[in-house]
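**Q** The structure is given below, and queries will be raised subsequently.
The values are calculated or read from the model by the stated rules, or taken from the named source; none is laboratory data. Remember, predicted model here, so these are calculated numbers, not experimental data. Note: ideal-geometry Cβ built from the backbone for every residue, glycine included; neighbour counts use all protein chains shown. Accessible surface is based on the protein model in full, side chains and every heavy atom, while ligands, DNA and RNA are left aside. Shrake-Rupley method; radii C 1.70, N 1.55, O 1.52, S 1.80 Å.
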Amino acid sequence: GLTRRFSLRNRKHRAYTSVVTSRPAVFIDRDGTLTEEVGYVNHPARLRLLPRAAEAIRRLNTAGVAAVVVTNQAGIARGYFSEEVLGAVNDALRAQLARAGARLDGLYTCPHHPSEGAAPYRAHCECRKPRPGLLLRAAAELGLDLARSTMVGDKASDLVPGRAVGAAAVLVLTGYGLGEWEYRRPHFVVAPDHVAGDLLDAVEWALATRVAA
């Protein structure tokens, strides 16, 4: 009767809403991809955006594509810095981007290490790349379409979680990327879908091939 028809309409509306609100993302490694690779960033003053990085994030903002940082920060497990310091560094990252007219839609970090430090940070977790936990969590919380998304990083291990969730995987030649590509390419578990000079090149590729498709 009427109740059943209303229930069906409700389900259809919910399904439609989930489709139209699901959007692609570019998942971005932090050190060496978005910011300069300087080793463990144990103070906000050590964090510096790479050239054209803010422009890359602005392009995503303009296109309506989620810009999501996913980063391993095992310096916490190793005792090199605290969660409070990581919070201050994250705040500095957002502030530097904001000054350049750019913003992140999400920032997800893994503080764990499988063999260093003590509980709760010494752990075999699902969030440490190359595992895909950070991407899956972001997708669930932000309503992301993983099949139209792209993972960008400067290490072979950054490519693995992208492929695992059905996203594209792009290697940038900033940070460790050039050495990874020139000398470690035969050992890559996942071959990149694209090799980009930097984050802006990677974003342009993602917008042209993944989002526009």
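**Q** Select from segment 112-125 the residues that are open to solvent by less than 30 Å² (accessible area, probe 1.4 Å) and touching a Gly at 6+ places or on another chain (Cβ under 8 Å) and list them in ascending order.
**A** Cys125
**Q** Report the residue count in segment 89-111 for those that are in contact with a strand residue (DSSP E or B) (Cβ under 7 Å, 6 or more places away or on another chain) and part of a loop (DSSP other than H, G, I, E, B).
**A** 2
**Q** Can you list the helices (runs of 4 or more DSSP H) lying wholly within segment 1-80 that have 1 or more residues being at pLDDT below 95 and surrounded by fewer than 17 Cβ atoms within 10 Å (Cβ to Cβ)?
**A** 2-21
**Q** Any residue at all in segment 81-88 that is touching a residue at least 60 places away in the same chain (Cβ under 8 Å) and not in a helix (DSSP H, G or I)?
**A** Looking for residues that are touching a residue at least 60 places away in the same chain (Cβ under 8 Å) and not in a helix (DSSP H, G or I), one finds none in segment 81-88, hence no.
**Q** Looking at Ser82, Ser22, which one is in contact with a Gly (Cβ under 9 Å, 6 or more places away or on another chain) and more than 17 Å from Glu204 (Cα to Cα)?
**A** Every option except Ser22 fails the conditions.
**Q** Being open to solvent by 50 Å² or more (accessible area, probe 1.4 Å) and either under 19 Å from Glu37 (Cβ atoms) or touching a residue at least 40 places away in the same chain (Cβ under 8 Å) (or both) is the filter here, so list the residues in segment 150-170 that pass it.
**A** Scanning segment 150-170 gives a single hit, Lys155.
**Q** Looking at Arg184, Arg128, Arg103, can you tell me which residue is open to solvent by 40 Å² or more (accessible area, probe 1.4 Å), more than 22 Å from Ala66 (Cα to Cα), basic (Lys, Arg) and in contact with a helix residue (DSSP H, G or I) (Cβ under 9 Å, 6 or more places away or on another chain)?
**A** So the residue among Arg184, Arg128, Arg103 that is open to solvent by 40 Å² or more (accessible area, probe 1.4 Å), more than 22 Å from Ala66 (Cα to Cα), basic (Lys, Arg) and in contact with a helix residue (DSSP H, G or I) (Cβ under 9 Å, 6 or more places away or on another chain) is Arg184.
**Q** Of Leu178, Leu207, Leu173, which residue is open to solvent by less than 40 Å² (accessible area, probe 1.4 Å) and either at pLDDT 95 or above or of a type in the set (Lys, Arg) (or both)?
**A** That would be Leu207, the only listed residue that is open to solvent by less than 40 Å² (accessible area, probe 1.4 Å) and either at pLDDT 95 or above or of a type in the set (Lys, Arg) (or both).
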